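The values are calculated or read from the model by the stated rules, or taken from the named source; none is laboratory data. None of the values given here were measured: they were computed from a predicted structure. For neighbour counting, all protein chains shown are included, and Cβ atoms are generated from backbone atoms with ideal geometry for every residue, glycine included.
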């Protein structure tokens, strides 16, 4: 199953029974990225009572890594519902953070689950995504006269070339879509361009 990754972060404001839920979704590639986004939201809303969150790395239906935190809400009423909504969405490599301001009316366990779930649905509904394309990373080394050929091949195969350095040879980093990697590798090998997988 393919999935989407975020093009940019998204945020919404949601209220229920005077409680305010400021919800944000960020693109992430690691748990450290997710925790960094949580810290950003804590800085934005330092006086919020709770900063509950969940993240999913990889395909939301079969994540490579995931985690959640209730941040003081009753166990299972915040982080887990956020995670459940992400797992059933089309977005992977995301973290959703919900910063809650208590409005004076208790929502109860069921009310909290519904509120955190709805806030997550709303922020994902408006999020902009692009299809995730798995890639492989290589370091390439070629002669100077091969650089224009390499750039043309990279363009025609969807390969992203970055970090060029010029010494005795041209060295650069390549991010190759997995579906193109064998073809691109063969083309480079035929030109005696050295590829080293990172």
Residue match in segment 169-189 (condition: over 28 Å from residue 8 (Cβ atoms), modelled with pLDDT under 90 and surrounded by fewer than 16 Cβ atoms within 10 Å (Cβ to Cβ)): yes
Which listed residue is closer than 19 Å to residue 128 by Cα, outside any helix (DSSP H, G or I) and in contact with a strand residue (DSSP E or B) (Cβ under 8 Å, 6 or more places away or on another chain), from 82, 105, 86, 97: 97
Residue among 90, 122, 73 that is at pLDDT below 95, under 12 Å from residue 53 (Cβ atoms) and assigned by TED's automatic domain parsing to the domain that holds residue 10: 73
Scope segment 86-101; condition without any contact (Cβ under 8 Å) to a residue 60 or more places away in the chain and surrounded by 22 or more Cβ atoms within 10 Å (Cβ to Cβ); matching residues: 86, 89
